[in-house]
1. Across region 119-145, what is the total count of residues that are closer than 18 Å to VAL102 by Cβ and touching a residue at least 12 places away in the same chain (Cβ under 8 Å)?
2. State all residues of region 24-44 that are among the β-branched types (Val, Ile, Thr) and exposed (fewer than 15 other Cβ atoms within 10 Å of the Cβ); if no residue qualifies, say none.
3. What single numbered condition from (1) of a type outside the set (Lys, Arg); (2) modelled with pLDDT under 95; (3) open to solvent by 60 Å² or more (accessible area, probe 1.4 Å) fails to hold for GLU122?
4. Among residues belonging to region 45-77 that are free of Cβ contacts under 8 Å to residues at least 60 places away in the same chain and of a type in the set (Ser, Thr, Tyr), point out the one that is surrounded by the most Cβ atoms within 10 Å (Cβ to Cβ).
5. Please determine whether any residue of region 54-67 is under 19 Å from LEU154 (Cα atoms) and not β-branched (Val, Ile, Thr).
6. Within region 131-158, how many residues turn out to be closer than 19 Å to GLU69 by Cα and among the aliphatic types (A, V, I, L, M)?
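The values are calculated or read from the model by the stated rules, or taken from the named source; none is laboratory data. All values reported here derive from a predicted model rather than from experimental measurement. Positions of Cβ are backbone-derived with ideal geometry, glycine not excepted, and every protein chain shown enters the neighbour counts. Note: areas computed on protein heavy atoms with side chains; ligands, DNA, RNA excluded. Shrake-Rupley method; radii C 1.70, N 1.55, O 1.52, S 1.80 Å.
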Amino acid sequence: MRKIIILMFLSILNLSCIAKVKLESGSLCCLKGEKTVAVCLDLTRIKYNKDLPFKDFLSLGRRVTDWKERSLDYFVKEFNDECYKRNLIVTTHSRGTKYILVLTPLVVYKDGSISGNAYLREVGSTKLEATMAFKSDDGDNDDPITFKDPMDELGESFAKLFIREIKKANK
């Protein structure tokens, strides 16, 4: 009985740290048969706490100079860990890829969690294949790798969405 209670508690804890990712429009069926998708981080529209400049958030802690690239590396690792059995990976460069996933955080909250939109499009095109909304549950406002926790969480959640949508396309 005690083991069951502990397992239930751990399951609840695990569920509480899963980012929310939702397909808003379009489809991911274009990824059917694709092996690699590029991913990038667009920070041009991000605000701190909905209306303050992003630099105010960055000033809350010491940051490594390459925090943006290293944050994205956490996304890539988690996505690829989840999708490697499905023969789909993401990479931070677009050479040889047909599609790119542009992660566009719009708000970073006081706790370091983020929310925003993601856009899937062909490399070199502005035509969107799909638009997704995301919100991380996890964050850390003074981590030297600024978005380490949210990107770690989002990588797994995006992978699960991609797997689910590609399965639908294969039916």
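1. Initially, region 119-145 is screened for residues closer than 18 Å to VAL102 by Cβ, giving 119-136.
Filter once more, so that each one left must be touching a residue at least 12 places away in the same chain (Cβ under 8 Å): 119-123, 128-136.
So the count comes out to 14.
2. Our first condition is that a residue be among the β-branched types (Val, Ile, Thr); within region 24-44, this holds for 36-37, 39, 44.
Within region 24-44, just THR44 meets the criteria.
3. (2)
4. Within region 45-77, the match that is surrounded by the most Cβ atoms within 10 Å (Cβ to Cβ) is SER59.
5. First, pick out the residues of region 54-67 that are under 19 Å from LEU154 (Cα atoms): 67.
Cutting the leftovers down to not β-branched (Val, Ile, Thr) gives us 67.
Yes, region 54-67 has at least one match.
6. Residues in region 131-158 being closer than 19 Å to GLU69 by Cα and among the aliphatic types (A, V, I, L, M): 3 in total.
Yes/no matrix, rows are residues, columns are (1) within 11 Å of the chain's Cα centre (by Cα); (2) surrounded by 13 or more Cβ atoms within 10 Å (Cβ to Cβ):
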{"residue": "ASN87", "(1), (2)": "no, no"}
{"residue": "HIS93", "(1), (2)": "no, no"}
{"residue": "LEU106", "(1), (2)": "no, yes"}
{"residue": "PHE134", "(1), (2)": "yes, yes"}
{"residue": "ILE163", "(1), (2)": "no, yes"}
